[in-house]
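Have a look at the structure below before the remarks.
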Amino acid sequence: MSADALSWRPSAQRSVLWSAPAELSVAQRQAYEGALAPGIPVQQLLLDLHSGRFAGRYGPVFVDLLALLLAVVSLTGAWLFLVPRLHRGRH
């Protein structure tokens, strides 16, 4: 490989040493079985729920509309809270 990693040439070493297969210990086998068990990690489930992908094709659109509705309700709530307070000072 060149210094700028833009060009390659074959290696001078022609033989490649591969690792040899080995048996796993009982503890290693149990650890891998637990890690590779079928299921959905909590993080992935929360990400799918938050993005709307959990609800299928139109889920993200629904989540976006729900977020827009939440923003409108928040703004109107702030408006209803602040406007009477501003008018009270004028009278």
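The values are calculated or read from the model by the stated rules, or taken from the named source; none is laboratory data. Small disclaimer: the values here were computed from a predicted structure and weren't measured. All Cβ positions, even for glycine, are placed from backbone atoms using ideal geometry, and neighbour counts span all protein chains on display. Only protein heavy atoms, including side chains, enter the accessible area calculation; ligands, DNA and RNA are left aside. Shrake-Rupley method; radii C 1.70, N 1.55, O 1.52, S 1.80 Å.
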Next item on the list: Just name the residue that is modelled with the lowest pLDDT out of those in region 50-91 that are part of a helix (DSSP H, G or I) and hydroxyl-bearing (Ser, Thr, Tyr).
Entry: Ser51
Notebook entry, point to check: How many of the residues in region 32-49 are open to solvent by 60 Å² or more (accessible area, probe 1.4 Å) and part of a helix (DSSP H, G or I)?
Noted result: 10
Check: Looking at region 13-31, which of its residues are part of a helix (DSSP H, G or I) and surrounded by 10 or more Cβ atoms within 10 Å (Cβ to Cβ)?
Finding: Gln28, Arg29, Gln30, Ala31
